[in-house]
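Note sheet for the following structure.
The values are calculated or read from the model by the stated rules, or taken from the named source; none is laboratory data. Here the structure is a predicted model, which means the values were calculated and not measured. Glycine gets a Cβ as well: all are built from the backbone with ideal geometry, and neighbour counts include every protein chain shown.
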Amino acid sequence: MGTSMRFRCAGLVLLAPLLGLMAGCGASHARYVPTSGEARSSLEAALTAWRDGKAIGAIEAKPPVHVVDSAWQGGRQIESFQIGDEEDGGDGTKQFVVKLTMKNAKGEQEVRYVVHGRDPVWVFSAEDYKHMLDMDNKPETAPTSKAGTRRSGRAR
């Protein structure tokens, strides 16, 4: 399994319980939606860490921030960033379009970031967020066992 796939799987394992809680909570859904201030400051903390050459992953902040960004994971570096206005994703996320100036590249690029959760706050590039939730991305599948095999002495 490649590094990218392991990274996505690890993120999904960490995010799945949070999404499961949100799906079943209805009225308490707001507990998992970051405030506007938390969302913006968490995204800023993540992008500042990236700009400053820190490793991707958990960022020490209040509340703690976890980052999933394949460009950062892949070793790309940013020189500067500009966070745009907040957009409500309508799904318990806050979203921001960020102008990134990459090192060793000409011009800016716009990247949408999705911010979700309260403690910790999760910051995803929109592309990675989509991959995390997309069931059609053809994940590697484990071999299936044949029907009728025995486990722990019991027939299935």
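Worth pointing out:
- Here the stretch 42-91 is the region considered, the condition is being more than 21 Å from Q109 (Cα to Cα), among the aliphatic types (A, V, I, L, M) and touching a helix residue (DSSP H, G or I) at 6+ places or on another chain (Cβ under 8 Å), and the residue that is surrounded by the most Cβ atoms within 10 Å (Cβ to Cβ) is V65.
- Among the conditions (1) modelled with pLDDT of 95 or more; (2) closer than 20 Å to P63 by Cβ, the only one that G92 does not satisfy is (1).
- Among the strands (runs of 3 or more DSSP E) confined to the stretch 49-143, the ones with at least 3 residues that are over 27 Å from Y32 (Cα atoms) are located at 78-88, 94-102.
- The residue of the stretch 20-37 that is modelled with the lowest pLDDT, among those that are buried (at least 17 other Cβ atoms within 10 Å of the Cβ) and out of contact with any strand residue (DSSP E or B) (no Cβ under 6 Å at 6 or more places or on another chain), is M22.
- Boolean, R51 is at pLDDT 95 or above and more than 13 Å from the chain's Cα centre (by Cα): yes
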